[in-house]
Amino acid sequence: MRILGIETSCDETGAAVIEAESTPIQSGSKNKKVKLISNVLASSLTLHSKTGGIIPETAAREQIKYIIPVIEQALVKSNPNSEWKMENLKMINPDIDAIAVTVGPGLIGSLLVGVETAKTLSYIFRKPIIPVNHLFGHIYANWIMDNGKWKMENILFPAVALVVSGGHTDLVLMKNHGSIKWLGGTRDDAAGEAFDKIGRLLGLPYPGGPEIERAAEKGDPKAFKFPRPMIDSDDFDFSFSGLKTAVLREVAKLDKIEEKTVADISLAVEEAIIDVLVYKTLKAAQKYKVKSILLGGGVAANQSLREKLKWSMVNDKLSIKLFVPPKSLCTDNAAMIAAAAFYNYKPVEWRRVTANSELYFY
Ligand code: KG4
Ligand code: ZN
């Protein structure tokens, strides 16, 4: 079966088609990965980079501009021989079996664009529509095959997933598809948000995460040391706002921020954030005796986080498998939304599908 995914929760407009060998799975341990057929993304990031952050109304207006061309491209790319075009609606029905759409959490103006478009397409083409939680989507990026290969090891349950994005830092326990228990999360800023805010303090463009990662490559590991917030707490919670204050204090001492200082602070910040993320993830994995650890969300694109987690698992001799999506599927995309819909296939009548900016999975 083929599913068209639509993602518009923030500043990316995404549409993608995934293909699964079998029919949808509601539960059970069937875990064969899905294949990526097309994946199209339009981003308004450069606009937000100019304003140093996302202005919700600008993001929503950009979503409106891109949504139809992006969906059209995803469908055309998924079936290059077809004559399918949005303006030729009456001619050909697209080669898909269902439509998946992000319904929350996210910016309400942006979400509405994707949700209302998906409902319209569902109505016109008579295809079932599956509402998807964006955070679920980040986890399910792990079930998409890399480069279309039907290889890949199966992801075994139970699993612990670390979702680290611009708005969220959550540790969850997955006993099966659709069975998710929240273990802990940030009490203030999300990890990505901390990268973004500290990036701004250092005079780096938005988003700060990739910029700090790049700057950190030239950093001196001995120059600065920042606290590892809540690393010893007896729970699976995080806190990153204190780190921002610690950086602010250092920056205030300087007359001018040299490139070298930006690199040194970037490295120290990256290490502090990653240490806490890795420590708590492994603690949760051991406590719940999981078979797999899954990473997801924009911050999971960070190479040092990926490597530190892998290295720590080897070091602790843990017989747990680590799954990390390709970097392009860590940040927001629609393929992960379609994949989540396949493994949690619960179509809803289009009239009952609504955007909800506050939606959480716990
Ligand atoms: O998942 P995502 O694309 O959007 C949300 O759902 O929020 O995540 C965006 C976040 C931003 O805060 C960005 O700074 C961060 O992910 N990010 C990174 C990297 N790439 C993106 N953080 C650290 N290192 C990276 N390479
Ligand atoms: Zn996201």
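Assorted remarks:
- Pairing each residue of the stretch 172-184 that is within 16 Å of residue 287 (Cβ to Cβ) with any residue that is among the basic types (Lys, Arg) and surrounded by fewer than 21 Cβ atoms within 10 Å (Cβ to Cβ), provided the two are 6+ apart or on different chains, yields C-beta distances under 6 Å for 173/181.
- Against the list (1) over 16 Å from residue 161 (Cα atoms); (2) buried (at least 16 other Cβ atoms within 10 Å of the Cβ), the condition residue 311 fails is (2).
- Taking the stretch 164-204 as the range and being aromatic (Phe, Trp, Tyr) and assigned to a helix (DSSP H, G or I) as the test, only 195 passes.
- Against the conditions (1) outside any strand (DSSP E or B); (2) over 30 Å from residue 38 (Cβ atoms), residue 141 satisfies every one except (2).
- Conditions (1) farther than 25 Å from residue 250 by Cα; (2) more than 16 Å from ligand 2 (Cβ to nearest atom); (3) buried (at least 16 other Cβ atoms within 10 Å of the Cβ); number of the one not met by residue 175: (3)
- Criterion violated by residue 198 - all others in (1) in contact (Cβ under 8 Å) with a residue 60 or more places away in the chain; (2) farther than 15 Å from residue 139 by Cα; (3) surrounded by fewer than 23 Cβ atoms within 10 Å (Cβ to Cβ); (4) more than 16 Å from ligand 2 (Cβ to nearest atom) satisfied: (3)
- Qualifying residue in the stretch 80-87 (condition: modelled with pLDDT under 90, not aliphatic (A, V, I, L, M) and not in a loop (DSSP other than H, G, I, E, B)): yes
- Of all residues in the stretch 314-333, those satisfying the criterion of being surrounded by fewer than 19 Cβ atoms within 10 Å (Cβ to Cβ) and assigned to a loop (DSSP other than H, G, I, E, B) are 316, 317, 318, 319, 320, 326.
- Subset of the stretch 106-132 (residues that are within 15 Å of ligand 1 (Cβ to nearest atom) and buried (at least 22 other Cβ atoms within 10 Å of the Cβ)): 106, 107, 110, 111, 114, 132
- Scan of the stretch 200-248 for residues that are among the hydroxyl-bearing types (Ser, Thr, Tyr) and out of contact with any His (no Cβ under 9 Å at 6 or more places or on another chain), ordered by number: 233, 239, 241, 245
- Those residues of the stretch 182-208 which are at pLDDT 95 or above and within 8 Å of ligand 1 (Cβ to nearest atom), in sequence order: 190, 191, 192, 193, 195, 196, 199, 208
- A search for C-beta distances below 6 Å between a residue of the stretch 295-314 that is within 18 Å of residue 283 (Cα to Cα) and any residue that is assigned to a helix (DSSP H, G or I) and within 16 Å of ligand 2 (Cβ to nearest atom), counting only pairs 6+ apart in sequence or on different chains, returns 296/138; 296/139; 296/141.
- Wholly enclosed helices (runs of 4 or more DSSP H) of the stretch 205-302 bearing at least 3 residues surrounded by 22 or more Cβ atoms within 10 Å (Cβ to Cβ) and within 21 Å of the chain's Cα centre (by Cα): 208-216, 259-287
- Residue 352 meets all of the listed conditions (1) surrounded by fewer than 24 Cβ atoms within 10 Å (Cβ to Cβ); (2) under 17 Å from the mean Cα position of the chain (by Cα); (3) modelled with pLDDT of 95 or more but one, namely (2).
- Residue match in the stretch 167-181 (condition: away from ligand 1 (no atom under 13 Å from the Cβ), more than 30 Å from residue 350 (Cα to Cα) and modelled with pLDDT of 95 or more): yes
- The lone criterion from (1) surrounded by 21 or more Cβ atoms within 10 Å (Cβ to Cβ); (2) closer than 17 Å to residue 133 by Cα left unmet by residue 346 is number (1).
The values are calculated or read from the model by the stated rules, or taken from the named source; none is laboratory data. Predicted, not measured: the structure shown is a model, and the values here were computed from it. A quick note on method: Cβ atoms are made from the backbone with ideal geometry, for glycine too, and the neighbour counts reach across all protein chains shown.
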